[in-house]
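Asker: Here it is, the structure in full.
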Amino acid sequence: MMEGVRERIVRVAVAAVAIALLLFAVPLAVIVRSALFDDERSELEAAALRGAVRIDPDFSRDEPVELPHNSDQQVGAYDVSSRLRFGLGPAIGDTIVRQAASGSVAEGQAGGELIVAVPVTSQEKVVGVVRAAQPVQVIWTRVVLAWLALTALAAAAFGVAVLVARRQARHLSAPLEALAKTSEQIAAGDLTVRAEPSGIPEIGRVAETHNAMVDKLDDMLERERHFTANASHQLRTPLTGLQLGLEAAQEQAARDAAFDLRPALQEANDQAEELHRTIDDLLQVARLPSDQWAAAEPVPLDDVLAETERRWHGPLAKLGRRLALRRPQEMATAKVPGRVVAQILDVLLDNASLHGSGAVTVTARDIGDAVAIDVADEGFLATPTTNLFTRERGTDSRHGIGLGLARSLAEACGGRLNVASEAPTTFSLVLPLNPDDDKTGA
């Protein structure tokens, strides 16, 4: 394909040069021909005039006269009766000689010669004519030689143009070839390669756009990989709870035929719905570019906290632990990215239920242009904070994937998630608020 591009560039450049040379050479050839004939005509007239001033007006004495001599020119003196008296030329003057005998310079072509005839006057009376002639073939030979020289120059210019066109074609196609090679590597699965910048602005913009496209593709694939890990972590707990609940109900029903399965089935249905919502939330987050998560479905903070309390009150109560929510009234209508914050709170509350102890408290605080949400329990951290947010499996700590996901979500929204206290364990989520948000609801 690149060879085709090169050849097309060369063909276009060569065609343009050929047309330019043709448009320039044809008029120039005509001008050269006219100029050479005009020059020869002027030389013949000058030779005839030089001969005229050397002639004695009295032709009757037949004294020899030295006329101008040239190997290609014939110069002869004629009397008024058109008879050759001195020099070279036809014995009887031609029509051009007779025209000059009338008193004016005459010129023209006759007998294959270019002729100029000049009258010789004495006392305002024509007493003779000097005729100068040059074979037309000689002039045409000069014209042809001049044309050949022009053709050689045109051929040289054409050759240089072809070389320049080929070099320019290579210069223009090289970045495209590199871009094609990069695209082939990307198509083969190597998303680390990027197109090199080009000195040609248009191709440079194509390379920049290509790199931006690959960056977005890489980001999308990375988000899909993260989604797989996140979904695995976020779904494992509710699936385990659903399975355990159904197994317990099944065992109880096997022991007691009168056991009512309806509460267990209702609980399983509620957990399935919650599972469905979790999958929905994860999919919504995964499909959005990370720079748009902060604007994803803004929801009043009070609604997010209320929904979180609804989801976690029962599971914590079953563990004999209390869930308390504290938020100032003026923060009720502050808008936050609902799905993202809900997932972060789920991770923090799941972490508190698995690794913490005692009551769990969720506190929302107004810190000016941001909102802070603290999730605290009455336990203490047994894992070093340096390893707490790393996404690793196979370690003694089971915090990694969940807390790593929560921190990634927080940072993608322009916020941060940190450990505020190790004893009691407190995680603090800080999220910036949109300046247009009205915290008071006024």
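The values are calculated or read from the model by the stated rules, or taken from the named source; none is laboratory data. This is a predicted model, so every value here is computed, not measured. Heads up, the Cβs are rebuilt from the backbone with ideal geometry, glycines too, and the neighbour counts pull from every protein chain shown. Side chains are part of the model used for accessible areas, which takes the heavy atoms of the whole protein and leaves out ligands, DNA and RNA. Shrake-Rupley method; radii C 1.70, N 1.55, O 1.52, S 1.80 Å.
Asker: What translational diffusion coefficient, to the nearest whole µm²/s, does the chain have by Stokes-Einstein, given a Kirkwood radius computed over alpha-carbon pairs, a temperature of 10 °C and 1.306 mPa s viscosity? Before the final figure, lay out the partial values.
Answerer: Values: Rh = 32.0 Å.
D = 50 µm²/s.
Asker: Can you list which of the DSSP-assigned H helices in the chain have a Cα extent of 27 Å or more along the long axis and an average Kyte-Doolittle score of at least 0.5?
Answerer: On the way: long enough: 2-54 (76 Å, 0.89); 136-187 (73 Å, 0.90); 201-255 (80 Å, -0.65); 262-287 (37 Å, -0.88).
Sorted by number, the helices that extend far enough and score high enough are 2-54, 136-187.
Asker: Once the Cβ-Cβ distance between ALA174 and ALA29 is put in as r, and R0 is 51 Å, what FRET efficiency do you end up with, to the nearest 0.05?
Answerer: Values: r = 39 Å, r/R0 = 0.77.
Once rounded, the FRET efficiency stands at 0.80.
Asker: Give me the one-decimal nm value for the distance between modelled label points at VAL53 and GLU124, 7 Å along each residue's Cα-to-Cβ direction.
Answerer: Placing both labels 7 Å beyond Cα along the Cβ direction yields 2.3 nm.
Asker: While we're here: Under 13 Å from the Cβ of GLY379, count the other residues' Cβ atoms, weight Lys and Arg +1, Asp and Glu -1, and hand me the total. Intermediate results must be reported in sequence, preceding the final value.
Answerer: Working: positive: ARG321; negative: ASP377, GLU378, GLU422.
Net local charge, GLY379 excluded: -2.
Asker: Sequence-distant or interchain residues sharing an amide H contact under 5 Å with VAL336, placed H: which?
Answerer: So VAL336 has HN proximity to VAL299, LEU301.
Asker: Among bridges DSSP assigns within the chain, what percent are antiparallel (round to 5)? Don't jump to the answer; show the numbers that get you there.
Answerer: Numbers: 47 of 51 bridges.
About 90 percent, rounded to the nearest 5.
Asker: Same structure, new question: Counting only protein heavy atoms, what percent of the accessible surface of the range 1-153 is carbon or sulfur at a 1.4 Å probe?
Answerer: Details: 5260 of 8770 Å².
Looking at the range 1-153 in its full context, I get 60 percent from C and S.
Asker: Hey, another quick one. What residue among SER122, GLY159, THR182 has its Cα farthest toward the positive end of the dipole of the range 116-216, where the charges are +1 on Lys, Arg and -1 on Asp, Glu, each on the Cβ?
Answerer: Most positive-ward Cα: SER122.
Asker: Next question, about the same structure. What net charge do the residues around ALA359 carry, taking every other residue with its C-beta under 11 Å from that of ALA359, with Lys and Arg at +1 and Asp and Glu at -1?
Answerer: 0
Asker: From the helices alone, meaning DSSP H stretches of at least four residues, give me the mean residue ellipticity at 222 nm for the chain, per-run term -39500 (n - 2.57), in deg cm²/dmol to the nearest 500. Let's see the in-between values first.
Answerer: On the way: 8 runs with 241 residues, N = 442.
Value at 222 nm, helices only, nearest 500: -19500 deg cm²/dmol.
Asker: Name the trypsin sites (Lys or Arg not before Pro) in the range 308-356 that are in a loop by DSSP and that have at most 15 other C-beta atoms within 10 Å, would you? It would help to have the intermediate numbers written out before the result.
Answerer: Working: sites: ARG310, ARG311, LYS318, ARG321, ARG322, ARG326, LYS335, ARG339; in loops: ARG321, ARG322.
Loop-located and lightly packed - ARG322.
Asker: If you place +1 on the Cβ of every Lys and Arg, -1 on the Cβ of every Asp and Glu, and leave all else neutral, what size is the dipole of the chain about its Cα centre, to the nearest 20 Debye? Walk me through the numbers before you get to the answer.
Answerer: On the way: 44 positive and 60 negative charges, 202 e Å.
The dipole magnitude comes to about 980 debye.
Asker: For the chain, what is the accessible area per residue in Å² when the probe is 1.4 Å? Don't jump to the answer; show the numbers that get you there.
Answerer: Details: 24760 Å² over 442 residues.
With the other protein chains kept in place, the chain gives 56 Å² per residue.
Asker: Okay, next question. What's the local net charge at THR209, with K and R +1, D and E -1, over the other residues with C-beta under 13 Å away?
Answerer: Values: positive: ARG194, ARG205, LYS216; negative: GLU202, GLU208, ASP215.
Here the count lands on 0.
Asker: Now, a different point. Nothing charged except the Cβ atoms of Lys and Arg (+1) and of Asp and Glu (-1): what's the magnitude of the dipole of the range 312-368 about its Cα centre? Round to the nearest 20 debye.
Answerer: Values: 8 positive and 4 negative charges, 26 e Å.
I would put it at about 120 debye.
Asker: Same structure again: What residues have an amide H closer than 5 Å to that of ALA110, excluding those fewer than 5 places away on the same chain, when H is modeled at 1.01 Å from N in the peptide plane?
Answerer: ILE115
Asker: Compute, for the range 164-208, the length of the dipole vector about the Cα centre, with Cβ point charges of +1 (Lys, Arg) and -1 (Asp, Glu) only. Units Debye, rounded to 20. Each step should come with its number before you reach the end.
Answerer: Working: 6 positive and 6 negative charges, 55 e Å.
Magnitude of the dipole: close to 260 debye.
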